[in-house]
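Visitor: The structure under discussion is supplied below as structure tokens; questions concerning it will follow.
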Amino acid sequence: MEDFKVFTIEEDGRVILRPPPLPEKIKGKDKLIQIVLLALLTNPGRNVNYPERGSGLPSLVGSNIDPSDPTELLADVSERIEKIRDEIIDAQSTLKNETPSERLRDLILLNVDVGEQIDDVFVKFRVVSEAGDEIDLTA
């Protein structure tokens with residue numbers, strides 16, 4: 001069964017979870033981006049079949065962040081990005097029909113920025129496919 005696209009990438013690379021106006025089947029690097037995004041936005045325990053899966057990034061919302069020293073936040077986000085990278089690579093080892101552009105080679109945290117508002121946090125990361133595509137995104 002094919003999936004439909006549930007995100008939009010703005011010109012500046014920001015990702016918005018909003019489907020396009022008309023439903024689109026998803027494939028190629030967009031499919032990989034969607035897999036990564038949904039994994040990053042899932043808290044462990046949401047899937048009864050795989051309760052350990054998910055980054056838990058949403059659980060960081062509301063945590064105390066020192067805007068002048070975001071090193072603790074950077075460490076938390078980095079750990080969760082690595083967890084998701086390992087989960088996706090492990091899960092895709094059982095899949096047979098994905099093209100190299102739909103398979104994750106690496107997921108790299110590039111930066112974590114705290115915005116002007118105390119609750120504005122922007123995570124910039126790079127998705128690298130087995131086909132060699134490198135996509136920089138901000139969520």
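The values are calculated or read from the model by the stated rules, or taken from the named source; none is laboratory data. These figures come from a predicted structure and were not determined experimentally. Reconstructed Cβ throughout: ideal geometry from the backbone, glycine too, with neighbour counts over all protein chains shown.
Visitor: Where residues in region 1-37 are assigned to a strand (DSSP E or B) and closer than 21 Å to Leu95 by Cα, which of them is farthest from the chain's Cα centre (by Cα)?
Guide: If we take residues in region 1-37 being assigned to a strand (DSSP E or B) and closer than 21 Å to Leu95 by Cα, then Lys25 is farthest from the chain's Cα centre (by Cα).
Visitor: Specify the residue that is nearest to Gly56 (Cα to Cα); the eligible residues are those in region 114-138 that are among the acidic types (Asp, Glu) and in contact (Cβ under 8 Å) with a residue 40 or more places away in the chain. Even if it seems obvious, please write down each step before you answer.
Guide: Initial filter on region 114-138 (among the acidic types (Asp, Glu)): 116, 119-120, 130, 133-134, 136.
Now narrow it down to the ones that are in contact (Cβ under 8 Å) with a residue 40 or more places away in the chain: 119, 133, 136.
Values: Asp119: 17, Asp133: 26, Asp136: 21 Å.
That would be Asp119.
Visitor: Select from region 42-54 the residues that are modelled with pLDDT of 80 or more and surrounded by 18 or more Cβ atoms within 10 Å (Cβ to Cβ) and write down the one among them that is nearest to Pro19 (Cα to Cα).
Guide: Selected residue: Thr42.
Visitor: Here's a follow-up. Report yes if Gly28 is at positive phi and at pLDDT 85 or above, otherwise no.
Guide: Working: at positive phi: yes; at pLDDT 85 or above: yes.
So Gly28 fits the description; yes.
Visitor: Which residue is surrounded by the most Cβ atoms within 10 Å (Cβ to Cβ), if the candidates are limited to region 59-113 and must be among the β-branched types (Val, Ile, Thr) and within 17 Å of Pro44 (Cβ to Cβ)?
Guide: Of region 59-113, the ones among the β-branched types (Val, Ile, Thr) are 61, 65, 71, 77, 81, 84, 88-89, 94, 99, 108, 112.
Checking the rest, the ones that are also within 17 Å of Pro44 (Cβ to Cβ) come to 61, 77, 81, 84, 88.
Working: Val61: 8, Val77: 21, Ile81: 22, Ile84: 24, Ile88: 19.
Restricting to residues being among the β-branched types (Val, Ile, Thr) and within 17 Å of Pro44 (Cβ to Cβ), the top hit is Ile84.
Visitor: Sticking with this one: Mind listing just one residue for me: the one in region 4-62 that is without any contact (Cβ under 8 Å) to a residue 12 or more places away in the chain and β-branched (Val, Ile, Thr) and, of those, farthest from Ala131 (Cα to Cα)?
Guide: Selected residue: Val48.
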